[in-house]
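Structure record follows, encoded as C-alpha cells.
The values are calculated or read from the model by the stated rules, or taken from the named source; none is laboratory data. Computed from a prediction, not measured in an experiment: that's the story for all the values here. So basically every Cβ, Gly included, is an ideal-geometry build from the backbone, and we count neighbours across all protein chains shown. Surface areas here come from the heavy atoms of the whole protein model, side chains and all, with no ligands, DNA or RNA. Shrake-Rupley method; radii C 1.70, N 1.55, O 1.52, S 1.80 Å.
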Amino acid sequence: VSFLKASVAGDRFGILWRGLAVQLDSFFFKHVLLHPVFTHLSYSQARQLQVDVEGMALLLFAPFTRNPLNYLSLCGDACKLLVMRVEERKAIRAKLQVDEDEGKAMDTEGHQEMLQKHGISKLNVEQIA
C-alpha cells in the first residue's frame, strides 16, 4: 500500500484505497466468510476469526483512517453472526424465512431493527438468510 501511496497523487490515493477496501471487504465476505466451513465454527473459533478480521483491518487501514474497522463492515457483521450462539442465528434466519414464505417484504424496518439489536448494520436480510 505504501508503494501505491508514493505512486499516486494524494487525493486520488484516498479514492483508490477506499475502493480497494470495499472490494476486499466484499471479496472476503463472499468467498471466505460465506463458505460452508465457517457455519460450523465453535464460539472460540468464530471469536478468533473476528479478532483476525479486526486485526487485518487495523493493519491495512490504520495508517489512512481513524476508524479502520469501518472499511471491513460486511466482514465485521458476518463475524458478529458467527460469534452468536447457533440457536440465536437459527432463530434470526427462521424469522426471516417465515416472513419471506408469507410474502412479506424482505427489508422491512422490523427486520433491520431486529438485526441492529444484534449489532448488525451493514448486512441486508438477503445476505443473512
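Quick one: accessible surface of Lys30, probe radius 1.4 Å, all protein chains present, in square angstrom to the nearest 10.
Accessible area, nearest 10 Å²: 120 Å².
Net charge near His118: determine it from the other residues with C-beta under 15 Å of the C-beta of His118, scoring Lys and Arg +1 and Asp and Glu -1.
+4
Expressed as a whole number of Å, what is the distance separating the alpha-carbon centroids of the range 9-31 and the range 42-102?
Result: 19 Å between the Cα centres.
Tell me, what is the FRET efficiency for Asn67 and Gln97 to the nearest 0.05, using R0 = 41 angstrom and their Cβ-Cβ distance as r?
Efficiency, from the Cβ-Cβ distance: 0.75.
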